[in-house]
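Just so you know, all these numbers are worked out from the coordinates, no wet-lab data involved. What you are looking at is a predicted structure, and each value in this text was computed from that prediction instead of being measured. Backbone-built Cβ (ideal geometry, glycine too); neighbour counts: all protein chains shown.
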Amino acid sequence: MNVELITKDDLEQFKGELLKEIRIMIVSSKISEGTKTWLKGIEVRKLLRISTGTLQNMRLNGTLPFSKIGGLLYYKYEDILKLMEGKNDAE
């Protein structure tokens, strides 16, 4: 009989991974309802539950690519998913 010990750190790691997957599923389901390819800043902030300043920092440090058309900033849904999955190779 094999006995494996699960430590508190193991549980914390599992919790983090589980929450990350749940967030991705929630964002995916919200977007797939509208099937939008491009999102405005306010939509991105609501999905990621971040402030205007945090979104600006993500733009400035290159974490989240964007396109500016006129005076509006747009973000690709695909880039947001990559960011949430930790695959920030969108550049």
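So the values come out like this:
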quantity: Label point distance in nm, Leu18-Ser51, each placed 7 Å from Cα along Cα→Cβ; calculated: 3.0 nm
quantity: Sites excluded, trypsin sites (Lys or Arg not before Pro) in DSSP loops with at most 16 other C-beta within 10 Å, longest stretch of the chain; calculated: 50-86
quantity: Lysine-lysine proximity count for the chain, Cα under 18 Å, sequence distance 8 or more or distinct chains; calculated: 19
quantity: Mean residue ellipticity (222 nm) of the chain, computed from DSSP H runs ≥ 4 via -39,500 (n - 2.57), nearest 500; calculated: -18500 deg cm²/dmol
quantity: Most fluctuating residue given options Gly71, Gly53, Gly16, as computed from a GNM of the chain linking Cα atoms under 10 Å; calculated: Gly71
